Every structure is written in C-alpha cells, then in structure tokens.
There are 4 protein chains.
Amino acid sequence: MISIGVLGYGYWGPNIVRNFQSLEVGCVKSVSDLNPKVLTKAKKAYPSINVTTDCREILRSPDIDAVAVITPVATHYPLVKEALENGKHVFVEKPFTDNVARAEELVELAEKKNLKIMVDHTFLFTGAVRKTKELIDGGVLGTIYYYDSMRVNLGLFQTDVNVVWDLAPHDLSIMQYLIKTKPRAVVATGECHVNGKEDVAYITVYFDDNVIAHFNVNWLSPVKVRTTLIGGEKKMLVWNDLEPDEKIRIYDKGVTKTNGNGDGNGNNVHELLVSYRMGDVWSPRLEQVEALKAETQYFVECVEKDMRPFNDGAAGLEIVRMLEAANASLAQKGGMVYL
Amino acid sequence: MISIGVLGYGYWGPNIVRNFQSLEVGCVKSVSDLNPKVLTKAKKAYPSINVTTDCREILRSPDIDAVAVITPVATHYPLVKEALENGKHVFVEKPFTDNVARAEELVELAEKKNLKIMVDHTFLFTGAVRKTKELIDGGVLGTIYYYDSMRVNLGLFQTDVNVVWDLAPHDLSIMQYLIKTKPRAVVATGECHVNGKEDVAYITVYFDDNVIAHFNVNWLSPVKVRTTLIGGEKKMLVWNDLEPDEKIRIYDKGVTKTNGNGDGNGNNVHELLVSYRMGDVWSPRLEQVEALKAETQYFVECVEKDMRPFNDGAAGLEIVRMLEAANASLAQKGGMVYL
Amino acid sequence: MISIGVLGYGYWGPNIVRNFQSLEVGCVKSVSDLNPKVLTKAKKAYPSINVTTDCREILRSPDIDAVAVITPVATHYPLVKEALENGKHVFVEKPFTDNVARAEELVELAEKKNLKIMVDHTFLFTGAVRKTKELIDGGVLGTIYYYDSMRVNLGLFQTDVNVVWDLAPHDLSIMQYLIKTKPRAVVATGECHVNGKEDVAYITVYFDDNVIAHFNVNWLSPVKVRTTLIGGEKKMLVWNDLEPDEKIRIYDKGVTKTNGNGDGNGNNVHELLVSYRMGDVWSPRLEQVEALKAETQYFVECVEKDMRPFNDGAAGLEIVRMLEAANASLAQKGGMVYL
Amino acid sequence: MISIGVLGYGYWGPNIVRNFQSLEVGCVKSVSDLNPKVLTKAKKAYPSINVTTDCREILRSPDIDAVAVITPVATHYPLVKEALENGKHVFVEKPFTDNVARAEELVELAEKKNLKIMVDHTFLFTGAVRKTKELIDGGVLGTIYYYDSMRVNLGLFQTDVNVVWDLAPHDLSIMQYLIKTKPRAVVATGECHVNGKEDVAYITVYFDDNVIAHFNVNWLSPVKVRTTLIGGEKKMLVWNDLEPDEKIRIYDKGVTKTNGNGDGNGNNVHELLVSYRMGDVWSPRLEQVEALKAETQYFVECVEKDMRPFNDGAAGLEIVRMLEAANASLAQKGGMVYL
C-alpha cells in the first residue's frame, strides 16, 4: 500500500482526497494548502490525515511514496520537480504545466529517476470515453474523418488562464486518446470580453490523413453544451455528456463516393456524386463508473505494479504542446502553428 | 403589376415560382431551364406560364420587368449582367456571385442603370431573424460579444462549391444583418474527405470592438443542428431553428467585471473577478410568416416603389467578400485574411 | 382501374383526393360537398374531376366503384349505407360511425353485398406503427404489459364530438392493431371546461392477461405531446411521433421476479424481490412512407384483388365500441363498462 | 434549540439526519434502527450522535423534543402514536399512515396534546413548487382547469405498497398544495405484472368547479418522466422536473369561448366556437434551495415558534384519504369513490 500526499485543497483537491481515500489500497497521509481554513475542513472530514501549510513537509517526507499536485497550473512545474527530485511518483492536475519546455524537463526527469507521472485527465476514465475508445479501436466507426467538440457554459472565469487552457485540456486529451493519427498543426481564434483573457475561443487541429478536429470553448454561453461529434467512414458517433442516459449514440449513416454522372447539361448542381446511407441508431449501455475513482485506482496500480500509465507525462506534454500552439495562434489571430 | 421571368427550375426554382405566383401583385410570365423535363413539370403546375429552354427569350423580352436567377452560382454573373443590360431588375439566389470582382461589377452596373438587385437570403425574412433583429436594435441584448452558429447535417454534397459556399451564406447574411459593427478579417479551417471539396469547415470572422463570429458548417454530420448563440452584455440569445415552437430563447444571464480581490495568497485560481447574473428565460412568440413569400413580396414592393432593398447587391457583395476570404484562408489552412 | 367518388372536401378531403389521385391505378372521378366554395377550389386543383353539391349524384352513379366518405361522423351511417346499397365499396373517415348499432348494421350490409369497408385509421400505415407491429409480432418485446399513450395539444375544438371521439380513435386503432389480447372493459374520466364537451379525458382499457392500456387526450395542453410507451417483458418501446428522426426507441430494460429474501427483520421496504436489466437502446430506421398514400393504395388493391383489409368495418366497429363505452363511463365519471 | 431523535436509518433516514444536522438550530441527538449495520455507518458519519437498536430509548427519552419517523409506512401509526403520547413533536415520512382511521386518530391526539405533526412532502419545498404556488395564488394562471402529472421510470419495486402509495403521494401533495378547490372523488385503474402489487396505475381526482386532476404512475417505464401540466384559463404551465434549468415554463396560450357561428350548412365540423391565444413563453428563475434542508428548517421553526405547519397532520391525512380511495377504486377496477 502506497502513501500519498496531496498538495492543494481548493476546488478539486477534496475530490482527489476523497477518491484516494476510498480505495482499498492507497491512502492519503497528508494534505497541504496555503490556506489554513481549508485545512481545518480537511481535518474535520478526515481526522486521521495530517495537514500542513508547508508543502515541503510532504515533498520531503520519507513516508510519502507519491504526491498529488492539485494547485494552480503555474505552480505545477516547481512542485512536480521537487517531488520527483525527492523520489516521489506524481499525480498532477491538468494541464500538466504552463509551457512545453517545463513539461519536457519533467518528463525527462521522471524517466531518469524511473518515477511515474500521471496527468489527471479525468474524462478518459468515464464510461462514455472508454466505450468510444473501444468502438474506434474495434473499427466500428471506420476511418475517422473529424472530431468536433463543443464545451460551453456560463463558466467560472479564471484569473490565471484563458478559456482555452481551462476547458480545452479535457477535449484535447480525449481526442488524443481516441485518434491515433498524428496531430500536425493548430489554428486558434478567439476574443476577450470581460477580464482581458480569451473567454470565447475556437481551435482547429490538423492531423495526418485529412483528419481534422475542432474545439469550441466558451465561458460566456447562456446554455451548457457538452457535445462531441465524431464522423467516421462507416459510422458516426454523437456524445452528449449532459444526457442522463444514452450519452452516446452511434449512427449508421454516411456517404460514399460514387461514379455518378449528372445530366450532362452542366445545369444540375445537385447531381449526386455521393450516395447516402441512413440506417439504425444505437446507444450502448455505458459502464457506471465514477471516473475519478477509476483514475486514482489506476494511478495506485501503475505505481505498485510499475506500469506506465497511458495518461503519463509524455501524453500530458502533448496536450501542453497543443495548448501552447493554440495560444501562439491566438496571438496571431488565427495563423497556423506547427506542432 | 410587374412581370417576372424565372431562370432555373431545379431544386429551388419551383419555390420561387410558387411564391411569386401566390402574390396579389407580381406575376411570373416565363420560366426557362436547360432541362426540358423540368419545364414540362412547370407547365403542368402553371399552365398559364411560358416555358423555354432558351433563357435569352426571357432576358431580352420587352414584357419582362424583373428576372429571378435561380441557377448554379457560376452562371450568376453572366445572367445577372445580361439581365441588367437589358434593363431588368434582378432577384438572384445566394451566393450573389462566385467572386468579389464580378459582384462589384454587377453592383456598379445596377447602380448606373438604376435597377434593383436583391440577393435571396431567405432566412432574413423568417420570424426568428426578424425578432432577433428587433431585440438587438432595441438594445435588449446590449453590446454584442459574439455570434456563434452551427449548421450541420448529412448534407447534399454539391459538385460546384464546398460546404462553406453552400451553407455559410445563410449564417453570414444573418450575422451581417444583425451585427452592425464592421467585419475586418476572416480565418477558416476545414478538410475534404469525400469529393475533393471541403465538407467540414470552421470560419471565424473578426469585427471591430472585440466582436467575434464563428460558423461551424458540415455536410458529414449524423445529426441535424441549426443553432446560433448570440452573447450580449445584457442578455444572451439562443436560436434553435429546429424547434417547432420556441425557436428563440432570451436568457437574462451574464457576467460583470468586478473589483473583487482574492485572498492575497496567490493560491486561489477561482477568486472571482466577475459576478454572475442568472435570471429568467423568455421565448417570444414569433410571426408565422413563410419567409420566401415575405421576401418575394418585398422584392416586388422594392421594384414598384423604387426602394433599395436591405438585402441588395451591396449586401450580397459583402457576403461574397467573406466567402472569398474564407476560401483564401482555407487555402492557407488558417491564416487571417483581411476584408 | 377503379373509379372513386369522394364525399366531403373540408379539412381532410383534399388529402384524400390528392392521394387517391397520385396513385397509378385508382382515380377520383367526382367530389361532392355542400359548400360550393370548396368545390371551386377542388375544380381548380383538379380540372378533370367532376364536382357537385349533391352527393347522391356520386352515390348513385353507375361509373363509381367506390366512395370515400370524408364527412362529419354523424353523417357516416346514412352515407355509407346508401353507398353500400348502391353497390359501392366504401372508404370512410374515422371514427367509423357514431354508435355501435349503426356500425354493426353497416358491417352486416357490406358482408351481405360482398363489398369492402375500410376505415381510415391512417396511423396504421406509418413507418413507426408498421415497425412496432413487426417487433411485437416477432416477439422482440415479449409478453406485453401495458400500452400508454399521450396525445395532447392546444387542439382544434370540435363542435360535434368530445376530445375522446376526436383524438382517441388514432390511439385505440393503433393499440388494437398491435395488441392481440382481447379488450374487456373501459373506464374513462374527463371534464368539460370550454364548450360543454369533454376537452380533457383519460381512458383505461382492461384486457385479458393483465394487459392494460391508457390514453391521455387533451385539447387544452400548451405543448404538443404524442408519445406512446409500450412495456413488454423482454423489451420496452417508446414512440415519440414528434421526433423528426428516431421516432421509435427500443430499450433493453426490464425487471424479473426473483426469489430474493430480505434481511428478515421486516424493516427493509427496499428488499429487492425483482432484479433489473438495463441494456442498450436501439432506434431502428423507419420506412419513409406517406401513410395516407400507402393506405389509399392498399384500399384500391383490396378492392381490385378482393382482399379483406385489416382495417375493415369489423375493426372500425371495435373502435366505435370502445368509444361508446368510454362515453358511457364518462357519464358515470368513471366506472367500468364491459365491452 | 430542539433535540431530535430519528427513527429509521435506511434509504431516506441518512438524508433526514444530514439535513437536521446541517441546521444552525436543531440537532440530532439519537438515531435508532433495527439493523445494527446501518447504525455503525451512522456513528461513523456522526460520531457525536447516539445510536440504538431500541427505538423506545428515543421515544421515551426526556432529552428528545421531536421525533422523525423514517420507517416503513406500516410502522408509522404505532411509532407516531407513542411519540405523541410521550410529548414529542413528530416529523413523519410520507405517506402519513397506511389508512385514514389511524391518521385521524393521530391528528386528534396531536391536537389534544398541542403537539406538531409535519408530514415529509419534500417536493413542497422545491423552488419549482414554490414558484408555481406563487403564480397560481397571484392569479397568473387564472381559474385552474386541470392538473396532469406523469411520474414514471424503471422504479424500485417495493414490497409493502403498490406504485400508487409509493409515487402518488408526491403528486397528490403538490396538487393539494396548489389547488384550493375541494377534491370530491377518486377513480383509479391499474394492473399488476411483476410482484402482485399494481406497478402501473392511473388516478383521476374530481374537484368542485370542473377541476380535474390525473396522475400517471408507473414502475415499469423504460424512460424517466416527471412532468406536470397545469391548464389555467389565462395561462398554462409545464413543469419538467428533469430539466436541469428551466424546470417551469409558463405559456401564454389558451382558448376562449366565442359566439362564432358556422356556415349554417351543418357540414363544417371545424367551425370555431373558440378563439385561440398563442403568445410568449416564460421560464422564471427558480430559487436554488435544497428542498429537504428548507423543510427540516421549517419543522424546527414551527416547533420553536409554535406555528402550525402547512404540511401538517391534517394535510397528510387528506393525502392518505385519497390514497385509500385510490386503492378502493382499484379494487373495483375503476369505480368512483367519494372522498
């Protein structure tokens, strides 16, 4: 059984502690936060856990095997680095770091020290994403054409990052997990209206083989939308994460190029060169898992069995690379930035 | 009462004929099409209308006051030009022309000849767009932040244009009608999967004053979506054109920048610098008009009373300018193209 | 090719004429209506059809093989009777007659004269009902438990019948078509608010073998609902007729009685004596048929090939029997009325 | 500050304890349950609370001011009676008792002892019901025509009661709270399919002044529906409790009787004797309250300030009267049972 120290007990930290604590193996030993008030809450909820305002107590403790870094993104790099230097495995909130160079350095350091880094991309552990992965890997959708997601609501404005760094890591990590073709370039557009950071943004990712992905992220929408369309040659999939049931629907719909020829008079813009397929719709039963519980369990398992997590530092680095490219493209108001 | 000749009786032409024919004033005299079969159908439906395979009979007829050009976009320029040269007013299907230079030439020619051009952007005459226009002009939404539309379905692949030129003219014309700030630049991304033309595309339009518009158009979607979000400082609006009733909803929701200050420890990424407003939702009753009937009636009225239509050649030209910019940006795979 | 005369050209008559007229075989010869204005419209739309204000011209014409009776329900009996006496086959709008005795007499008369009666229960010819029939007959749903339909909107108040006789014939005929077990008794409740006839009503039909059906019909609903739930032992089905696509969904859900025993302390009201099955959802592609076209075609076929239609007078009589029982139960404000 | 003892810590009890415990005033002193396992859980969650398997310890404790009875319905009567006899105020889970006579006896006993009974009809404390109450009382809907609710899902089969006693108390209590006209009679139909108790049932309640209410309750539905329509003379309301936002919509729709006269030919079944009003739709922002918290707070307040709760024993008795009538009607398969 490994011992875990959690750094940061703000918005997300309590969920991390609750889930690590609920596992049979794995156990939270200590929690740190700069704010003593939240530590009082932590202590009340978990009397057996040590609390401290000094994260170094955790980072340097010989009793701690792994550290969960659940702090603002700007602090990820120094905290993860110190954890690794002290021989701790690391579970770190998304996004991994605030730039590519730092992420690369951490990945290298972990490699050298033979330590695990897992980046908390929780959605990868939901029943919906797992099922979609299974369907794509099983060839059910055929060649992927596009990935199109919309994640908008009247969102919590953040002071340290724009809407891209806040919301897009979810969808970029899901896309990365699902689509095996290599992403090559990023184009992003967006605008600031309220606090000087982009609150509305649109990101395109170009892949090899004509695959294209697009992400609509918005903190200023009156309605909450969390929908992803995935178009494949054989089937198409719609994932509406707000549906209580039937989150995923698979459509037996598509088009096929044909050798149709028009009426030869050049007047018919609607002459069909494609034929259409319109079949049944199917909504598979999804696993009822709490994603974060599955993820924390997987982290413990990876550490204990010395397995490389699929959402490791290298995977997290690629997300940071796309985020950094998105910001670079935003700065040009939409130029293409190669990855 | 003016006399109208209709060129083209393919997919859209019959709707044009039916609506012009249903007006009290205004009357279709002739219809031309290269395909004799569709003329037989036209004759059967409207025995009193002349039909011909030679459009010049109409373009040169002294009995025709106005010509409706309902043919493939590549033919708009020569047909509209000949119509104007023969002193006819012109009603022309969207998009106005296939490039900016031709549209400019036609606008100038019409001006010189004191003839009307109206571009058929039918959506501008729907109850939903009229009501939205009224709300925005009345200041109900306040300063506009963004315009975000999605128009996707398993669409009719066209052979002469990509999905941008097919679907975006609807939304670009609505945006142009609603937002008075000046558009400055276009960024477009997209990909071809089936017939060598973009079937999935994303267009951003940058305006003055931080207004941003975005258009998601897709011929390869398993589901039909026709939704537009408009974010304003005071209110936000959602237009779902597929709702049988309640197509438009106005949300009394928003955010306001405040002088909030955090806890000073730099640790709180969620310190609120904005306050949130969450109020009622209201769905106004919309006029039950057939948009195309209202538009054809308006065309007749503009000709008869010598009024300049708001959807005139100049307005149509601006749409073509944005479409051309979108194609230029697509050719660079993103990249800002100034208007 | 048979010749058809249509009596009544009000709300529904034009649809009947249009569909009979669109068939390759079968042809409308004459239309009658008491209102000369609607006959002018009929003549304009179909110049080749004879029109008359005297239905007897049609009923007694030797050139007419079959008569479509599309008149108010109180007139069905005399008109159908005269048609049969004159040797005409009959297509009659729902409900068949305004009481059981008259329906019985007409069925007997048709039998004696070897003539067809088909009652226009159009929904039976929709893709949704056909597919549901196929699924139930194929055993996919297993033993049927219940049939529960809701058909409400801000409806057209009728002056001659209550909401039960107006709306329930649709659902009663669908239920009759789908469920082979015998209906035994009817209970109906309802209330009048506007014009002295029930505008809100609830009908229960008891069948053999614990099957139960229920119908919620309402002219005073602010929203339009047309949803039917069918619970089966193996699968459950939801038919939402207002969905543009995916009208039918089949749920692999259900419960099974088990030999579960509780904790023995008598305190546990939630001890499970049933186990639950929650599986996939499936929405089959439906035939894209115009129901009324399929029905009129079927009528012609039945006459020409001397086939008994499944929606014949006997079937229509059973619907009238249930409607009459519903009215009898309504008069008692509930109370079981045996069929 | 009053001291509360909670009897029963099964499905609902933990919610009751959590909410009473979260109040500033009011405090749970003891919890009893026959099952020692659940007491262990209670103790772990609330170390300061006493737990016991003997409810009499609580019922007879001089330190307890009020008792919450959260046990199976058959035990309500003896437990509430003993609590009252020992001078305790009572908060009791719905339905109040398992028959009318017992409820009447308890109401009388509480009256005599000057003690409060509050029946836990939690929905009355939701933002949706409070707002609806406010709208009806404020005359916004005008004269009420009907109340029509549907509460169905693949429900937890209960062993001690049928679906009527399980689900209908929610809706009956809401109806009772909203509609001030007096209910006069009940008609219920239903059927048993799985465990010998009705799992599908339909209840009509007749009121004075032509008001009618109907309740569709079903444990065997593949989909979850929780929708209520309320038709008023001036406005109509739809409450969809499953909507995350916009649970309530108010429709400015209706019909008015007019002196319309038809065309006099007796042929027009669609001659309008009513005129239709179709206006805006409005969805008011609802209070974001946790209903059970508001209710427990209200209970404490009623006890402390000696106020009669509106959801008192007398109100709970009327619900039991309707439930008993529903069962009596079910036994006759749908006869009218007067209240």
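The values are calculated or read from the model by the stated rules, or taken from the named source; none is laboratory data. Quick caveat: nothing in here was measured; it's all calculated off a predicted structure. All Cβ positions, even for glycine, are placed from backbone atoms using ideal geometry, and neighbour counts span all protein chains on display.
Observations
- B:Val303 assigned to a helix (DSSP H, G or I) and under 30 Å from B:Ala185 (Cα atoms): no
- Residues of the range A:7-51 that are within 14 Å of chain B (Cβ to nearest Cβ) and among the aliphatic types (A, V, I, L, M): A:Leu7, A:Val31, A:Leu34, A:Val38, A:Leu39.
- Subset of the range B:236-248 [more than 8 Å from chain A (Cβ to nearest Cβ) and on the phi < 0 side of the Ramachandran plot]: B:Trp239, B:Asn240, B:Asp241, B:Leu242, B:Glu243, B:Pro244, B:Asp245, B:Lys247, B:Ile248
- Complete set of residues in the range A:283-293 that are surrounded by 18 or more Cβ atoms within 10 Å (Cβ to Cβ) and either within 19 Å of the chain's Cα centre (by Cα) or within 14 Å of chain B (Cβ to nearest Cβ) (or both): A:Ser283, A:Ala291, A:Leu292
- The residue of the range C:44-68 that is surrounded by the most Cβ atoms within 10 Å (Cβ to Cβ), among those that are among the aliphatic types (A, V, I, L, M) and touching a Ser or Thr at 6+ places or on another chain (Cβ under 8 Å), is C:Ile58.
- Pair list, Cβ under 6 Å, 6 or more apart: the range D:326-338 residue more than 7 Å from chain C (Cβ to nearest Cβ), other residue modelled with pLDDT of 95 or more and surrounded by fewer than 16 Cβ atoms within 10 Å (Cβ to Cβ): D:Val337/D:Ala328
- Residue identified as aliphatic (A, V, I, L, M) and under 21 Å from B:Thr126 (Cβ atoms) among B:Val161, B:Val238, B:Val186, B:Val211: B:Val238
- Some residue of the range A:316-325 being under 27 Å from A:Trp239 (Cβ atoms), within 14 Å of another protein chain (Cβ to nearest Cβ) and small (Gly, Ala, Ser): yes
- Hits in the range A:196-231 (condition: more than 7 Å from chain B (Cβ to nearest Cβ), surrounded by fewer than 23 Cβ atoms within 10 Å (Cβ to Cβ) and over 30 Å from B:Asp252 (Cα atoms)): A:Phe207, A:Asp208, A:Asp209
- Residue count, the range C:27-50 (criterion: in contact (Cβ under 8 Å) with a residue 24 or more places away in the chain, of a type outside the set (Lys, Arg) and under 22 Å from C:Asp65 (Cα atoms)): 10
- Residue in the range D:132-141 that is buried (at least 18 other Cβ atoms within 10 Å of the Cβ) and not hydrophobic (A, V, I, L, M, F, W, C) present: yes
- Sole residue being away from chain D (no Cβ under 11 Å), without any contact (Cβ under 8 Å) to a residue 40 or more places away in the chain and over 16 Å from the mean Cα position of the chain (by Cα), chosen from C:Gly138, C:Gly142: C:Gly138
- Filtered residues of the range B:249-262 (kept if assigned to a loop (DSSP other than H, G, I, E, B) and either at the interface with chain A (Cβ under 9 Å from one of its Cβ atoms) or surrounded by 19 or more Cβ atoms within 10 Å (Cβ to Cβ) (or both)): B:Gly262
- Checking each residue in the range B:151-179 for being free of Cβ contacts under 8 Å to residues at least 60 places away in the same chain and closer than 19 Å to B:Arg130 by Cβ picks out B:Asp171, B:Ile174, B:Met175, B:Leu178, B:Ile179.
- Within the range B:196-205, being part of a strand (DSSP E or B) and either of a type in the set (Gly, Ala, Ser) or in contact with a helix residue (DSSP H, G or I) (Cβ under 8 Å, 6 or more places away or on another chain) (or both) holds for B:Glu198, B:Asp199, B:Val200, B:Ala201, B:Ile203, B:Val205.
- Selection status of C:Gly279, within 11 Å of chain D (Cβ to nearest Cβ), over 19 Å from C:Leu167 (Cβ atoms), buried (at least 19 other Cβ atoms within 10 Å of the Cβ) and at pLDDT below 95: no
- Selection from the range C:167-182 of residues that are surrounded by fewer than 24 Cβ atoms within 10 Å (Cβ to Cβ) and of a type in the set (S, T, N, Q): C:Gln176, C:Thr181
- Tally of residues being of a type outside the set (Val, Ile, Thr) and within 29 Å of the chain's Cα centre (by Cα) across the range C:61-70: 3
- When B:Val25 is tested against (1) surrounded by fewer than 17 Cβ atoms within 10 Å (Cβ to Cβ); (2) at pLDDT 90 or above, exactly one condition is not met: (2).
- Selection of the range D:180-195 for residues being facing chain C (nearest Cβ under 9 Å) and either in a strand (DSSP E or B) or touching a residue at least 40 places away in the same chain (Cβ under 8 Å) (or both) yields D:Ala185, D:Val186, D:Val187, D:Ala188, D:Thr189, D:Gly190, D:Glu191, D:Cys192.
- C:Val73 within 23 Å of the chain's Cα centre (by Cα), in contact (Cβ under 8 Å) with a residue 60 or more places away in the chain and within 14 Å of another protein chain (Cβ to nearest Cβ): yes
- Considering (1) at pLDDT 95 or above; (2) within 13 Å of chain C (Cβ to nearest Cβ), the lone condition that D:Gly155 does not fulfil carries the number (1).
- Residue ID - farthest from B:Ala326 (Cα to Cα), chosen from residues in the range B:193-210 that are among the β-branched types (Val, Ile, Thr) and modelled with pLDDT of 95 or more: B:Val200
- Under the condition of being crowded, with 20+ Cβ neighbours inside 10 Å, assigned to a loop (DSSP other than H, G, I, E, B) and among the polar types (S, T, N, Q), the residues counted in the range B:306-339 number 1.
- If you filter the range A:158-172 down to residues that are hydrophobic (A, V, I, L, M, F, W, C) and within 12 Å of chain B (Cβ to nearest Cβ), you find that the one that is nearest to A:Val205 (Cα to Cα) is A:Trp165.
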